[in-house]
2 protein chains.
Amino acid sequence: MLEERIRNPDLAARVMGADEAAARIGPGMGVAMSGFTGAGYPKAVPQALARRMAAVQAEGGTFQVRVMTGASTAPELDGALAQVKGVQLRLPYQSDPILRERINAGEVDYVDMHLSHVAQSFTYGFYGDIDVAVVEVAGILPDGRLIPSTSIGNNKTWLDRADRVILEVNRALPLELDGMHDVYYGTQPPPGRTPLPLVEAGDRIGEPWLRCDPAKVVAVVETDAPDRNSPFAPPDATSQAIAGHLVEFLRHEVAKGRLPKTLLPLQSGVGNTANAVMYGLADAGFSGLSAFTEVLQDGMLDLVQGGVIDVASATALSFSPDALARFRDNIDFFRSRIVLRSQGISNHPELIRRLGCLAMNAMIEADIYGNVNSTHIMGSKMQNGIGGSGDFARNGYLSFFLSPSTAKRGAISAIVPMVSHVDHTEHDVAVIVTEQGLADLRGLAPRQRAKAIIANCAHPDFRDALTDYTERAWRASFGRHTPHLLDEALSWHQRFVETGNMRPG
Amino acid sequence: MLEERIRNPDLAARVMGADEAAARIGPGMGVAMSGFTGAGYPKAVPQALARRMAAVQAEGGTFQVRVMTGASTAPELDGALAQVKGVQLRLPYQSDPILRERINAGEVDYVDMHLSHVAQSFTYGFYGDIDVAVVEVAGILPDGRLIPSTSIGNNKTWLDRADRVILEVNRALPLELDGMHDVYYGTQPPPGRTPLPLVEAGDRIGEPWLRCDPAKVVAVVETDAPDRNSPFAPPDATSQAIAGHLVEFLRHEVAKGRLPKTLLPLQSGVGNTANAVMYGLADAGFSGLSAFTEVLQDGMLDLVQGGVIDVASATALSFSPDALARFRDNIDFFRSRIVLRSQGISNHPELIRRLGCLAMNAMIEADIYGNVNSTHIMGSKMQNGIGGSGDFARNGYLSFFLSPSTAKRGAISAIVPMVSHVDHTEHDVAVIVTEQGLADLRGLAPRQRAKAIIANCAHPDFRDALTDYTERAWRASFGRHTPHLLDEALSWHQRFVETGNMRPG
């Protein structure tokens, strides 16, 4: 193992146990970790750190750190540290249930931000120092450069900016990952910044390895543990209907000459609905497609394997255990068709706009005027964070937002009079899709949008109440550009908070 | 006049009166006009069209058109057409009082959108056809190319996409404008799009003239009328205090090494507050600055003339009559220091991100968590539109939002529990400034943002009520990440609608 994975002798000499490595991390530090969804996160050191924290707390002390990641969702990272109340600040995207609970108890300062903004915010010096970076890699080259893992995320920035580095070398990762990554080292703060030289989704503009100053490496920890991405729910009738509406729309746009036959690079957000839409595309008769996205989930892997997608660019491989096995079994095939990049590049506004991505993201709710909430339950509880949805929705060729029209067995409508939190404004939302249908909002004024969204997207159980609201708002609103009844606009959410149901009792 | 301004004989033969030209425009047409703020709009044809509309209506007919502009605010365009109820749809930014009244009466379908998205939405075919373009120019070259006016806006796209073209040649425009413009013809729909080759604010990447197929020109109208930009309010104590806080912050960022001494390209939004901030910069000891913005107002002209700004890029010259005279008197000096571009380029996300603009925009209100409303009064009445604020705030190096802390003689607080409309989400707002002070929101979680905004930006008359809201929301909110009381969050606005005052009676 040592000879195969850790080929730099100086770094091989720094191999130690996770507990010893975690001892390099002290209270109050800024700790930047690898990991994007359940891919490429450190498997051992965060848990060792959590044990240290628990021990300190058992003696009456406190031990918290600031935790920065790519967009980790791993229980072994976020869950372990949140369990012992060891997280003072966390950014960006998360979805571990224990961490989420701490955030919504007001115990963790959670900073939700566009994924494309994370690396630059640290590079610009806006977000304080990084004391320690903990980064999982597949191997270490003789000159100290690193073979990245199943995600890159912000690792380039963490390694560049951290005072000290702890590396986890995970033997469970296939060494055949080597060559799949493309790490771009041309970014820099302004002034004097030059164009990013990427013009097609699959272009390689960087180098396959991460640079790392060996003098900063204070520990190397060997691990042998798989990524833990959850299985996806199989597409159900609802998600199949959403996919069906979307495919019909794409075909229509091709027929109208507004999209090429090979479409434009697909971006597909995190989660079951986005994943299911990819399955819908598999049977739609498209070919020669490409993807420029942040995560590759099972559905997109299928499209690559099935020859529907020629090339896919992302920052993480977010596969279920089954898909991961399939990926490993065919890794040479995939290595020529998949490029993994830093998330500052996978989500870069310049590239998303240039390529003209088709941005397909899940939402929590939309309002009748087309504002979208991606993050907050009833305006106050954080779900996962905005992720890259804003990077792609704002700058893509078309922005789609997808959701079942109801949640909680019909108690919640995904279409509401006014969203309880806005992540994507009316200016950034082109198309809304539920299993009921699709609302094409391009070029529509607010009242036209309301008609389209209520008629096409709202669940029939809520449609009349929404229409009633718009009619009463038209009569009584302060202004008639975007008619609202301010004392009623959020009443559906308030009713849910009070009764567990948005419907009148 | 003919020989000097209209040097193409074919087009000289198509000179006619405004009424005759306006007869080329029929009911239901899509009419794309030049004009960005009060600069470069057609002076005669819109008014002739309004007279035709009035005549048709006097006989019981209807006559409306769809009106697209750069971001016109001209009474002679928007006001004249709105006065006769001739506008069915209007996009994007506007501020003419009569048009605004029609929009808020629900009589005009107003589509508010990012200024950088307008041209591409038509090029992609998303927004329907353009039947006629009406474009003001300073002159026509022998080969039919056009010397642009005091704004470019979307003129390139209008001329490219329209079926027919009406040109207004305005002899009141100085011919010395020739050479100040830079029209980029490398944009195209994806796929295959290449990087925009601009790396410094003053780079010229296009050509000085607009191309126009002479076969499409159905009329040439001669005019002799000045642009009509309003004078700016002289900086008062409030705007001087806002400028003071901003200058102090910029100096602090330079001292910390987070900004170079020459800062980064300035963007300054439309209006008195943004204009006043520029005056504040004049005395701040900075030099060697640059601007990459959408409009040049009086304050920025002063900075150029005073040698504080070396080069300024924009899409429009939005000068008061006094400043316009000064500009004309020194036009050779300014021609080497000012570049006018298409608004798709002046506001392009790729360029704003690359250059790292300092985005300074006015706002209507911000909430305690840092969401910003730039467009809607009390959630329903449209003020002017989002303009380019989103283009710059999202993609710039730092996004500042500026406002006096109160409006309507203290009846309205610019800091509220929840904004009544969101144009810039918490993810896109770095710094909020009022005359009370400055809140630096970088890296802060929602509850930390609330503390900073209330303490630094809210007016003392509203501060206790805001703190009281946050404390009660902390205790009673559904979740504690972004605590809110949904039945009270918009009550300040509702109270204003009912009583004319946000304060409890």
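Quick notes on this structure:
- Selection of strands (runs of 3 or more DSSP E) fully inside region B:155-268 by the criterion of at least 2 residues being within 14 Å of chain A (Cβ to nearest Cβ) and surrounded by 14 or more Cβ atoms within 10 Å (Cβ to Cβ) returns B:266-268.
- Count of region B:457-488 residues, restricted to those that are more than 14 Å from chain A (Cβ to nearest Cβ) and over 28 Å from the mean Cα position of the chain (by Cα), is 9.
Residues are listed down the side, and each one gets a yes or a no for (1) under 21 Å from A:GLY344 (Cβ atoms); (2) acidic (Asp, Glu):
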{"position": "A:GLY280", "(1), (2)": "no, no"}
{"position": "A:GLU294", "(1), (2)": "yes, yes"}
{"position": "A:GLY306", "(1), (2)": "no, no"}
{"position": "A:VAL311", "(1), (2)": "yes, no"}
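- Candidate set from region B:486-505 (those that are in contact (Cβ under 8 Å) with a residue 40 or more places away in the chain and in contact with a helix residue (DSSP H, G or I) (Cβ under 9 Å, 6 or more places away or on another chain)); member that is farthest from A:ASP109 (Cα to Cα): B:ASN501
- Looking only at region B:99-109, and only at residues there that are surrounded by fewer than 24 Cβ atoms within 10 Å (Cβ to Cβ) and facing another protein chain (nearest Cβ under 8 Å), the one that is nearest to B:GLY28 (Cα to Cα): B:ASP109
- Restricting region A:89-98 to residues that are more than 10 Å from chain B (Cβ to nearest Cβ) and over 16 Å from A:HIS376 (Cβ atoms) leaves a set whose member that is surrounded by the most Cβ atoms within 10 Å (Cβ to Cβ) is A:ASP96.
- Tally, over region A:107-141, of residues that are among the charged types (D, E, K, R) and free of Cβ contacts under 8 Å to residues at least 24 places away in the same chain: 2
- Test result for A:ARG394, surrounded by fewer than 23 Cβ atoms within 10 Å (Cβ to Cβ) and charged (D, E, K, R): no
- Meets criteria (at pLDDT 95 or above and either touching a strand residue (DSSP E or B) at 6+ places or on another chain (Cβ under 7 Å) or among the basic types (Lys, Arg) (or both)) for B:LEU466: yes
- Residues of region B:461-493 that turn out to be of a type outside the set (Asp, Glu), touching a Ser or Thr at 6+ places or on another chain (Cβ under 9 Å) and outside any loop (DSSP other than H, G, I, E, B), as a count: 6
- Near pairs, Cβ below 6 angstrom, 6+ apart or cross-chain, from region B:190-205 (more than 22 Å from B:THR293 (Cβ to Cβ)) to any residue that is assigned to a loop (DSSP other than H, G, I, E, B): B:PRO190/A:LEU264; B:PRO190/A:GLY356; B:THR194/A:VAL199
- Restricting the search to helices (runs of 4 or more DSSP H) fully inside region B:1-107 and requiring at least 2 residues that are assigned by TED's automatic domain parsing to the domain that holds B:ALA138 and under 25 Å from B:SER318 (Cα atoms) gives B:45-58, B:80-83, B:97-104.
- Screening A:ARG503 against (1) farther than 25 Å from A:GLY269 by Cα; (2) touching a Gly at 6+ places or on another chain (Cβ under 9 Å); (3) part of a helix (DSSP H, G or I) leaves a single unmet condition, (3).
- Filter pass, A:THR150 being of a type in the set (Ser, Thr, Tyr), farther than 18 Å from A:ALA215 by Cα, crowded, with 24+ Cβ neighbours inside 10 Å and within 20 Å of the chain's Cα centre (by Cα): yes
- Taken over region B:441-481, the criterion of being surrounded by 18 or more Cβ atoms within 10 Å (Cβ to Cβ), of a type in the set (Phe, Trp, Tyr) and free of Cβ contacts under 8 Å to residues at least 60 places away in the same chain is satisfied by B:PHE462, B:PHE478.
- Scope region B:344-356; condition facing chain A (nearest Cβ under 9 Å) and on the phi < 0 side of the Ramachandran plot; matching residues: B:HIS348, B:PRO349, B:GLU350, B:LEU351, B:ILE352, B:ARG353, B:ARG354, B:LEU355
- Residue tally, condition facing another protein chain (nearest Cβ under 10 Å), of a type in the set (A, V, I, L, M, F, W, C), part of a loop (DSSP other than H, G, I, E, B) and surrounded by fewer than 24 Cβ atoms within 10 Å (Cβ to Cβ), over region B:357-384: 1
The values are calculated or read from the model by the stated rules, or taken from the named source; none is laboratory data. Note that the coordinates shown come from a computational prediction; the quantities given were computed from them, not determined experimentally. Don't worry about glycine lacking a Cβ; one is built from the backbone with ideal geometry, like all the others, and counts go over all protein chains shown.
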